1. State the extension gain, in nm to one decimal, for the chain segment bounded by Glu40 and Ala17, taking 0.36 nm per residue of separation less the distance between their alpha-carbons.
2. Okay, helix-only estimate at 222 nm for the chain: each DSSP H run of n ≥ 4 adds -39500 (n - 2.57), divide by all residues, round to 500 deg cm²/dmol; what do you get?
3. For Leu6, enumerate residues with amide H under 5 Å from its amide H, sequence gap 5+ or separate chain, H modeled in the peptide plane.
4. Between Asp25 and Ile49, what is the FRET efficiency for a Förster distance of 25 Å, r being their Cβ-Cβ separation, to the nearest 0.05?
5. Just Leu24, Leu32, Leu11 to compare: in a GNM of the chain, with alpha carbon springs under 10 Å, which one fluctuates most?
6. Where does helix 32-41 land angle-wise versus the long Cα axis of the chain, in degrees 0 to 90, nearest 10?
7. Between Phe38, Phe23, Phe46, which gets the highest mean-square fluctuation from a Gaussian network model of the chain, Cα cutoff 10 Å?
8. In what order do Asp26, Asp58, Asp36 fall by count of nearby beta-carbon atoms within 10 Å, going from fewest to most?
Amino acid sequence: MNLRFLGFHNLSPATKANYKNMFLDDVEMNNLKYWDQFEEEYPNTFIAIYNSWCQKQD
């Protein structure tokens, strides 16, 4: 599909803060490998449905 992950929509302020504290180098918060690691640390983060943004790459 050749998509680029742009990030999640409507994350809680606590989730954003925790993520930013764990991954200082991912200022755009769009590294899916980091999100996988984050979910291991905070397993209830995505307990409900979440929205994400992607963009077709040329």
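The numbers here are math on the coordinates, done by the rules we state, and not lab data. Computed from a predicted structure; not experimentally measured. So basically every Cβ, Gly included, is an ideal-geometry build from the backbone, and we count neighbours across all protein chains shown.
1. Between Glu40 and Ala17, full extension yields an extra 6.7 nm.
2. Taking each H run of at least 4 residues, the total per residue is -10000 deg cm²/dmol.
3. When sequence neighbours closer than 5 places are left aside, the close amide H contacts are Trp53, Cys54, Gln55.
4. In this case the efficiency is close to 0.30.
5. Ranking Leu24, Leu32, Leu11 by mean-square fluctuation puts Leu24 first.
6. Compared with the principal axis, the helix lies near 20 degrees.
7. Phe46
8. Asp58, Asp36, Asp26
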